[in-house]
Amino acid sequence: MKTDAHQHFCIYNSSEYGWIGHNMEILKRNYTPEDLCNELIKAGYSGSVAVQARQSVEETRWLLELAGTHDFIRGVVGWANLSGKDDLRRQLDDFCTNEKFVGLRHVIHDEPDDNFMLRDDFLKGISILKEYDLTFDLLLFPKHLPVAQLLVSLFPEQKFVLDHISKPLIRNNVVSPWREDITRLAQNENVWCKLSGMVTEAESKNCDHEDFKPYLDVVFEAFGAERLMIGSGWPVCRLAGEYQDVVGIVEEYISGMSDDLRTGITGENCIIFYGLER
């Protein structure tokens, strides 16, 4: 059951997707489950996890509605106001009536405060997630990894997953101190990692599979294959490559591994982490 651990849907408008800039024309359109289903079939995948792209409870509700009408959407990682105290519980009580609601994400790397994750109100919100059996996706830049290390160590029973291997500076061939920081983060066994988002951190469409090998080497050494999962980052990945080409980078890298490890990375680990139905 090959499962894409990270993709998005959108009904595009410029006001709600302000992060889509002038040089991102390919993203300025609607991306629907029907569009993704075609890509999954061509690449040999049978399911996906839809992840929030806007910080709104309305989008979370919309993603859950889509998951209710499309079986291949196996889980939804939405957004709720983690700093909202009473509002958070009301939102989670609502969302958790849908069995496909599996976790939350906050766009940490857009927060002006690099220590945002250590704010008291945010920590209070994270402390509540375990009660609801929800995961948390860490969307970071490399500079946030030391702060993330502190966060995850405070909640050893909470399941975290690092998105996009924290967006290292692949286009500039920068490995350190990202390598050392991600290795320290991975020492926390409650943290997993998505093999996603790498192509948009490389040199646009001119990158070679070898460009990603030093970074994949690091995360495989740090997390071990059992805590890694493949993600396309579709449709954002289209800024640098099409769906099959993007997942093909990781599939080529793991091609010499055992069947069990490849099965884990391309689906089973995602199913285990998010608690998805098989």
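Need pairs with beta-carbon distance below 6 Å; first residue over 17 Å from residue 194 (Cβ atoms) and within segment 239-253, second part of a helix (DSSP H, G or I) and β-branched (Val, Ile, Thr); sequence gap 6+ or separate chains.
239/200
Considering only residues that are among the β-branched types (Val, Ile, Thr), farther than 17 Å from residue 11 by Cβ and within 19 Å of the chain's Cα centre (by Cα), which ones fall in segment 21-56? Give the derivation first.
If we filter segment 21-56 for residues that are among the β-branched types (Val, Ile, Thr), which is where we start, we get 26, 32, 41, 49, 51.
Now drop any that are not farther than 17 Å from residue 11 by Cβ, which leaves 41, 49.
Of everything in segment 21-56, just one residue is among the β-branched types (Val, Ile, Thr), farther than 17 Å from residue 11 by Cβ and within 19 Å of the chain's Cα centre (by Cα), namely 49.
Out of all the residues in segment 30-49, is one or more acidic (Asp, Glu) and closer than 17 Å to residue 233 by Cβ? Talk me through it step by step, then tell me what you get.
Narrowing segment 30-49 to residues acidic (Asp, Glu): 34-35, 39.
The next check asks that each one be closer than 17 Å to residue 233 by Cβ; those that pass are 35, 39.
So far as segment 30-49 goes, yes, one or more of its residues are acidic (Asp, Glu) and closer than 17 Å to residue 233 by Cβ.
Kindly indicate which of 221, 226, 201 is modelled with pLDDT under 95 and charged (D, E, K, R). Full working, then the answer.
Values: 221 fails: modelled with pLDDT under 95; 226 fails: modelled with pLDDT under 95.
Exactly one residue qualifies, and that residue is 201.
Output the qualifying pairs, or none if there are none: Cβ atoms under 7 angstrom, residues six or more apart or on different chains, first residue in segment 71-90 and more than 28 Å from residue 269 (Cα to Cα), second residue surrounded by fewer than 15 Cβ atoms within 10 Å (Cβ to Cβ) and among the hydroxyl-bearing types (Ser, Thr, Tyr).
none
Of the conditions (1) over 24 Å from residue 155 (Cα atoms); (2) touching a strand residue (DSSP E or B) at 6+ places or on another chain (Cβ under 7 Å), residue 201 fails just one. Which one is it?
Against the list (1) over 24 Å from residue 155 (Cα atoms); (2) touching a strand residue (DSSP E or B) at 6+ places or on another chain (Cβ under 7 Å), residue 201 comes up short only on (2).
For segment 170-204, what are the residues that are surrounded by fewer than 19 Cβ atoms within 10 Å (Cβ to Cβ), of a type outside the set (D, E, K, R) and either in contact with a helix residue (DSSP H, G or I) (Cβ under 7 Å, 6 or more places away or on another chain) or in a helix (DSSP H, G or I) (or both)?
Passing the criteria: 172, 175, 183, 188, 190, 204.
Output yes when any residue across segment 254-261 is crowded, with 23+ Cβ neighbours inside 10 Å and touching a helix residue (DSSP H, G or I) at 6+ places or on another chain (Cβ under 8 Å), and no when none is. Steps first, answer last, please.
Residues of segment 254-261 that are crowded, with 23+ Cβ neighbours inside 10 Å, as a first pass: none.
Within segment 254-261, none of the residues are crowded, with 23+ Cβ neighbours inside 10 Å and touching a helix residue (DSSP H, G or I) at 6+ places or on another chain (Cβ under 8 Å).
Evaluate the following for residue 16: is it over 24 Å from residue 249 (Cβ atoms), among the charged types (D, E, K, R), in a loop (DSSP other than H, G, I, E, B) and touching a residue at least 12 places away in the same chain (Cβ under 8 Å)? Give the steps one after another, and end with the answer.
Values: over 24 Å from residue 249 (Cβ atoms): yes; among the charged types (D, E, K, R): yes; in a loop (DSSP other than H, G, I, E, B): yes; touching a residue at least 12 places away in the same chain (Cβ under 8 Å): yes.
Here the answer is yes, as residue 16 does meet what is asked.
Working carefully through the options 6, 70, find the one that is out of contact with any Phe, Trp or Tyr (no Cβ under 6 Å at 6 or more places or on another chain) and either closer than 26 Å to residue 149 by Cβ or small (Gly, Ala, Ser) (or both).
Working: 70 fails: either closer than 26 Å to residue 149 by Cβ or small (Gly, Ala, Ser) (or both).
Among 6, 70, only 6 is out of contact with any Phe, Trp or Tyr (no Cβ under 6 Å at 6 or more places or on another chain) and either closer than 26 Å to residue 149 by Cβ or small (Gly, Ala, Ser) (or both).
Rundown of residues vs (1) closer than 25 Å to residue 247 by Cα; (2) modelled with pLDDT under 95; (3) surrounded by 13 or more Cβ atoms within 10 Å (Cβ to Cβ), yes/no style:
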| position | (1), (2), (3) |
| --- | --- |
| 14 | no, yes, no |
| 21 | yes, yes, no |
| 24 | yes, yes, yes |
| 33 | yes, no, yes |
| 42 | yes, no, no |
| 49 | yes, no, yes |
| 63 | yes, no, yes |
| 70 | yes, no, yes |
| 75 | yes, no, yes |
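Determine whether segment 217-230 contains at least one residue that is buried (at least 19 other Cβ atoms within 10 Å of the Cβ) and among the small types (Gly, Ala, Ser).
Looking through segment 217-230, at least one residue is buried (at least 19 other Cβ atoms within 10 Å of the Cβ) and among the small types (Gly, Ala, Ser).
The values are calculated or read from the model by the stated rules, or taken from the named source; none is laboratory data. If you're wondering where the values come from, they're calculated on a predicted model, not measured in any experiment. As a convention, Cβ positions derive from the backbone with ideal geometry for all residues, glycine included, and neighbour counts pool all protein chains shown.
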